[in-house]
Amino acid sequence: MPDFPDHAQLANIALIEGLYRQYLSDPEGVDLSWRHFFEGIDFGAYLYKRGVEPSLDLSHLRIYDLIQAYRRYGHLQAQFNPLIHEKREAEELDLEKLGFFPSEIEQSFPTLGILKEKEASLREILAALKEIYCGRIGFEYMDLGNLEFEKWVQGRLEPQLEIQLAVEEKRLLLEYLSKSEGFEAFLHTKYAGQTRFSLEGAETLIPLIAEMLEVGGELGIDEWVIGMAHRGRLNVLTNILNKPIPTIFEEFEDDTTLSFLGNDDVKYHMGFSGEWKTREGKKIAVAMAANPSHLESVDPVVLGQTHAKQILKKDGDKRRTAALLIHGDASMAGQGVVYESLQLMNLPSYSVGGTVHLVINNQIGYTTLPEEGRSTRYCTDIAKAFSCPVFHVNAEDPESCLFAAKLAVEIREKFHSDVFIDLLCYRKYGHNEGDEPSFTQPRQYQQIRLKKSIRQMYCEHLLSAGQLEQKWAEALDLQFKETLKAAFAKAQEKIALKGEGNPTAPSSLFEPVASGVDSKTLQLVLETFCKIPEGFHFHPKLQKWVQNRLTSLHGPLDWSTGECLAFGSLLSEGIPIRLAGQDSQRGTFSQRHMVWIDTETSEPYSPFRKYQARFDLINSPLTEYAGLGFECGYAWAAQESLVLWEAQYGDFDNGAQIIIDQYIASAEQKWNCPSSLVLLLPHAYEGAGPEHSSGRLERFLQLSANHNMQIVNASTPAQYFHVLRRQVLRKVKKPLILFTPKSLLRAPACTSRLDAFTGGQFEELLDDPVPPAVCKRLIFCTGKIFYDLLAARKRTDIAIVRLEQLYPLHVEKLKKFIAKYKGFVECFWVQEEPENMGAWQYIQPYLPKPSFIGRAPNATTATGSGRKHKQEQQTLLEKALS
């Protein structure tokens, strides 16, 4: 039994208080004797709250320590790994280290509620603790900073963990396992060698998800949004989302007509929306987001979809729509976007009220073992950083898995916390069906090949318990096989009747959209924006800025005012707007100021909150990958809203390149997922260096084909105004990549008059504002460089034409400008970017024998030297205009 230190006296109260504060923040950071001392203090407070008479005997304290140890570390000895059968020992649960002697094993101790009896032998207490915390589920729920949550979980597990299913529920569980296994076996027979990322070895996933849907339905969830990668995806689509089986077989037949219908991707990437009917007859909508081979990239996309659905359904307490993210163990531990997505968990503008995370833990990543792929004990250890509980379960014990599923959904609904279920399993085959796993894991696969299937093991368990008849089990398997055979025959028949199909013509993106707004409405927008609430303490500089804006309709309007008019006019028409980005409320360049901060109370105020339409202007976390992924998902779900993501600088979009490549540029072509998401990318060369100059225009142009998106480099506030309104008002939904200015935000030349907003529309090309009578040199450019050229132009025979929309390029309008200046001798394309960047390589085939003027080819986007930048800029202007 440990002794208290001699210096634990009131004379040393300051020392003791300091150590206690340290203990509260980090119990492991103080000496073991002090830890026992302070745990005794906590225990005394615990007994007082429970109304238990404290005992002078320290047996209460030792038993309390023992119980707490098993609550914290019992998972280290739990048997949840189907590939490890030897019993594990944890030194944290060593009896002597916990203050007990071997001779006390039969001695009677207070149970403190861990048993129904008030007292029991130490052996009985240990048996009860091991039954709860060292069984087939590993519970990690302690020390998460929420005592109410800890007590709630303990109330579910103690004094006796009971995992009991009615006979009908056990038969239903077997039915799910039979469907899960039968589906994979059928595919393996009919499509031998085809990649399908089978679920074999983890078939328990299907009844586990089914239990989550059932429990969720009981608790009020009527819609789930699911994100998952490849393993088991086809099985989940079939047996959970009820995707028609003939459709899946058609995809295995590599039906060429599918690609012409906007489904131009492999079968295990496709999304689907289905319906689940609970045992009580309640219908639950279930959608699975499309997902590329970038495994965890779908995480923020699903969160964005879920958040948007909650808003659209006015699900304020976030209890009706829930997100389920299904991870692989290697990607869970290895992909940084998992951390970025978890960071959104409790942020008001991103929270979905808790996400259920389900890890299909194959205990391998392709051919990489856990000890080669992570530095943590569990693949789920990232959950600890966000104070989320984790339940480790054994796929070969499906009843325990269902208990964990129920517990996870209940926690999500009650505490709005993310919850993790770590499903320990194995892969029957290799990474895919064409892979040979024994090349790299020979011993592991010797063990796996000897294993019975989970369905067979559970069926034998029910037969031996007298809870199942052999004939019923055989009939169940036969019935599902007949269902699969019929679906296969139907798919074959349907494919035989199909022709090759013809690609559909893309919708025209050049139809004019009347996006002007009358001056009265614009005046009301400014008055609404500029009205300062009574009692609000304004920053003096900002107050003057607002006063100037109120009268700005009578003079030239700058960029931020044009944006204000676009947002306000759309809100007045009932169009919801969401704009998220780093520092977007004020604006990176202190230009937007659409959220004001009271200088005395620090309370925020949004002047556009007066509109009934929802307006979310969000300072996002410092993430591009998850941040843009979230907005991409949000835009998918909120098709009638204007959804914008703003990079702090355009250069920073490269942190979200996977989302840009795999979702924004290609989602419609691959998965038939149209979107009207807007990317705002500050772009232009002002001598600010490589990371603050280029939004990488060339990369977006390279990604452009099949009218998949719009790339615009608007050069006036009115053009910006019209393109934003056009994006919402027209029926065609295409992502808009919009390059925005920096130095032009306040440039007197970059302004527009009122009539440019009240009339007209967005123009794909803009003519020279002072066209020459005779043109000898025709210059084409885009963006900020136009104003530099205009200011430096001395010759009267040079015309400067701006390309405002680079893709899709309005070739007919371009030809008209070329014809207008017929007789020119030279044609130049002028850009600020190096020759191997910008629009030069893209635009060159469309111009008549053009010459390039810009910076020399370079490995980096821009110089970091202000002096060198000015020299380069002056040189290219002289070449263009001399």
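Ranked by solvent-accessible area (1.4 Å probe, protein heavy atoms only, all chains present), the residues Trp472, Trp840 order from largest to smallest as Trp472, Trp840.
Taking the protein heavy atoms of the stretch 601-723 in the context of the full set of protein chains, the accessible area attributed to carbon and sulfur is 45 percent at 1.4 Å.
Here's the list of aspartates and glutamates a cross-link from Lys318 could span, going by alpha-carbon distance under 12 Å and ignoring same-chain residues fewer than 8 apart: Asp222, Glu223, Glu413.
Projecting the Cα atoms of Ile360, Ile779, Pro533 onto the charge dipole of the chain (Cβ charges, centred on the Cα centre) puts Ile779 farthest toward the positive pole.
Each 10 Å bin, from zero up to the one with the longest distance, holds this percent of the alpha carbon pairs of the stretch 276-383: 13, 41, 30, 14, 2. If you roll a 1.4 angstrom probe over the protein chains with everything in place, what fraction of the accessible area of the stretch 219-346 belongs to carbon and sulfur, to the nearest %? The computed percentage sits at 49. The calculated P(r) of the chain, using every Cα pair and 20 Å bins from 0, goes 13, 37, 31, 16, 3, 0 in percent.
Straight-line cross-link partners of Lys481 among the aspartates and glutamates, defined as a Cα under 13 Å from its Cα and at least 8 positions apart when in the same chain: Glu175, Glu181, Glu184. Compared with the dominant principal axis of the Cα atoms in the chain, helix 540-550 is inclined by about 60°. For the stretch 608-765, the equivalent ellipsoid derived from the alpha-carbon gyration tensor has semi-axes of 23, 21, 17 Å in decreasing order. Compute the angle between helix 32-50 and the longest alpha-carbon principal axis of the chain, please, reported from 0 to 90 degrees and rounded to the nearest 10. Rounded to the nearest ten degrees, it is 90.
With a 10 Å radius around each residue's Cβ, average the other Cβ atoms per peptide and rank 90-96, 282-288, highest first. Intermediate results must be reported in sequence, preceding the final value.
Working: 90-96: 13.1, 282-288: 18.3.
The packing order, highest mean first, is 282-288, 90-96.
Over the C-alpha atoms of the stretch 167-315, the Rg to Rh ratio, Rh being the Kirkwood estimate, stands at 0.97.
Shape summary of the stretch 645-690, radius of gyration then Dmax from alpha carbon positions: 13.0, 42 Å.
Averaging 1/r over every pair of different alpha carbons in the stretch 560-611 and inverting the result gives a Kirkwood radius of 11.9 Å. Taking every pair of Cα atoms in the stretch 743-871, average 1/r, invert it to obtain the Kirkwood radius, and report Rg/Rh to two decimals. Rg divided by Rh gives 0.96. Taking every DSSP bridge with both residues inside the chain, close to 25 percent are antiparallel. For Glu832, no residue has an amide H sitting under 5 Å from its own, ignoring neighbours fewer than 5 places away on the same chain, with H placed 1.01 Å from N.
When 1/r is averaged over all different Cα pairs and the result inverted, which Kirkwood radius in Å belongs to the stretch 505-596?
Working: mean 1/r = 0.0666 Å⁻¹.
Radius from the Kirkwood sum: 15.0 Å.
Using packing as a proxy for protection, rank 867-879, 679-691 so that the peptide with the highest average count of other Cβ atoms within 10 Å comes first. Working shown, then result.
Details: 867-879: 14.8, 679-691: 20.9.
The peptides rank, most packed first, as 679-691, 867-879.
Compute the accessible area per residue over the chain, keeping the other protein chains in place, probe 1.4 Å, unit Å².
Values: 37640 Å² over 882 residues.
Result: 43 Å² of accessible area for each residue.
Computed over the Cα atoms of the stretch 304-359, what is the convex hull's projected area averaged over all directions, in nm²? So the Cα hull casts an average projection of 3.7 nm².
Listed by chain and number, the lysines placed with their C-alpha closer than 26 angstrom to that of Lys870 are Lys742, Lys784, Lys794, Lys879; residues fewer than eight positions away on the same chain are left out. Amide H to amide H under 5 Å from Leu557: which residues, 5+ apart in sequence or cross-chain, H placed 1.01 Å off N in plane? Under 5 Å from the amide H of Leu557 lie the amide H atoms of Ser752, Arg753, each far enough along the sequence or on another chain. Diffusion of the stretch 377-461 by Stokes-Einstein, at 20 °C in a medium of 1.002 mPa s and with Rh set to the Kirkwood radius over alpha-carbon pairs, works out to 141 µm²/s. Counting every C-alpha pair in the stretch 310-452, the share spaced more than 27 angstrom apart comes to 29%. Once the stretch 116-216 is represented by equal point scatterers at the alpha-carbon sites, with solvent omitted, what log10 I(q)/I(0) does the Debye formula produce at q = 0.11, 0.17, 0.21 Å⁻¹? Log-scaled intensity ratios, in q order: -0.58, -0.97, -1.15. Over all directions, the projected convex hull of the C-alpha atoms in the stretch 791-866 averages 6.5 nm² in area. With the simple model of a label 7 Å out from the Cα in the direction of the Cβ, Ile532 to Leu147 spans 4.7 nm.
Of Lys267/Lys428; Lys822/Lys849; Lys130/Lys451; Lys179/Lys313; Lys116/Lys151, which pairs sit farther than 23 Å apart, going by alpha carbon to alpha carbon? Display every interim value, and only then the final one.
Values: Lys267/Lys428 21 Å; Lys822/Lys849 14 Å; Lys130/Lys451 27 Å; Lys179/Lys313 34 Å; Lys116/Lys151 17 Å.
The pairs that break the limit, which is 23 Å between Cα atoms, are Lys130/Lys451; Lys179/Lys313.
Considering only protein heavy atoms and a probe of 1.4 Å, how much of the accessible area of the stretch 502-565 is carbon and sulfur, as a whole percent? It would help to have the intermediate numbers written out before the result.
Values: 1940 of 3610 Å².
Of all accessible area on the stretch 502-565, carbon and sulfur atoms account for 54 percent.
Dividing the mean sequence gap of close Cα pairs (under 8 Å, 6+ apart) by how many residues the chain holds gives a relative contact order of 10 percent.
How high is the relative contact order of the stretch 412-558? Use alpha-carbon pairs under 8 Å, at least six apart in sequence, and give a whole percent.
9 percent
Residues whose amide H comes within less than 5 Å of that of Val678, counting only those at least five positions distant or on another chain, are Val643, Leu644, Trp645, Leu736 (H built at 1.01 Å from N in the peptide plane). The Rg/Rh ratio of the stretch 401-530, with both radii computed over alpha carbons and Rh defined as the Kirkwood radius, is 1.26. For the stretch 90-160, the share of alpha carbon pairs falling in successive 5 Å distance bins from zero is 3, 15, 21, 24, 22, 12, 3, 0 percent.
The values are calculated or read from the model by the stated rules, or taken from the named source; none is laboratory data. Here the structure is a predicted model, which means the values were calculated and not measured. Methodologically, a virtual Cβ is constructed for each residue, glycine included, from the backbone with ideal geometry; neighbour enumeration extends over all protein chains shown. Just so you know, the surface numbers come from the protein's heavy atoms only, side chains and all, with ligands and any DNA or RNA stripped out. Shrake-Rupley method; radii C 1.70, N 1.55, O 1.52, S 1.80 Å.
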